[in-house]
Amino acid sequence: MLRGVRGAITIEENTEALIVEATKRMMDELISLNGIEADKVASVFISVTEEIDAAFPAKALRLLEGWTYVPVMCMREIPVVGSLKNCIRVMVHVNTEKKQEEIHHVYLEKAIVLRPDLKA
């Protein structure tokens, strides 16, 4: 079964180091909480809000052991008025036998406001 695993994190400044560090932190937690193995991942979508442009967050996934061949795509989040700024979001498409309610979504830093009902 293909399942979507969601995550989001915010950064304080638009720098390459913070973008990569935050994305890696979010992914490390997603992987750990859900027991995700790279060879079970079909693809990863990463979106950023419009003020984030110092680096591709996908760069962080290349730092993860075994993730070299996982297809990753970065895109811009739609700029909805009043929405959370400086936010990096991820959707990991993983093959798993887990039920929907067994998936642990990860919302860190100010991104907790996006889905307080799904806090890890």
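Nothing in this text is a laboratory measurement; each read-out follows from the coordinates by a stated rule. Since this is a predicted model, take the numbers as computed values, not measurements. FYI the Cβ positions are ideal-geometry reconstructions off the backbone, even for glycines, and counts take in every protein chain you see.
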Given the -39500 (n - 2.57) contribution per DSSP H run of 4+ residues, what per-residue ellipticity at 222 nm results for the chain, rounded to the nearest 500 deg cm²/dmol?
-6000 deg cm²/dmol
Tabulate in residue order the Karplus-calculated ³J(HN,Hα) for segment 87-98, using 6.51 cos²θ - 1.76 cosθ + 1.60 with θ = phi - 60°, rounded to whole Hz; enter x for Gly and Pro.
10, 10, 10, 9, 10, 9, 9, 10, 7, 8, 8, 5
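Nearest 5 is fine: what % of DSSP beta bridges in segment 2-118 come out antiparallel, could you say? Can you show the working numbers first?
Working: 16 of 23 bridges.
The answer is about 70 percent antiparallel.
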Check which residues have an amide H placed less than 5 Å from SER43's amide H, if you skip close sequence neighbours.
HIS93
Please turn the phi angles of segment 2-10 into ³J(HN,Hα) values with the Karplus equation 6.51 cos²θ - 1.76 cosθ + 1.60 (θ = phi - 60°), one per residue in order, whole Hz, x for glycine and proline.
8, 10, x, 10, 9, x, 7, 8, 10
Set LYS40/LYS99; LYS59/LYS85; LYS59/LYS98; LYS40/LYS98 screened for pairs whose C-alpha atoms are more than 18 Å apart
LYS59/LYS85; LYS59/LYS98
Picking from HIS93, TYR69, ALA38, whose Cα lies most toward the positive end of the charge dipole for segment 2-118 (charges on Cβ: Lys, Arg +1; Asp, Glu -1)?
HIS93
Karplus-derived 3J(HN,Hα), 6.51/-1.76/1.60, for each residue of segment 24-36, Hz, glycine and proline x:
5, 4, 5, 5, 4, 5, 4, 5, 5, 5, 10, x, 7
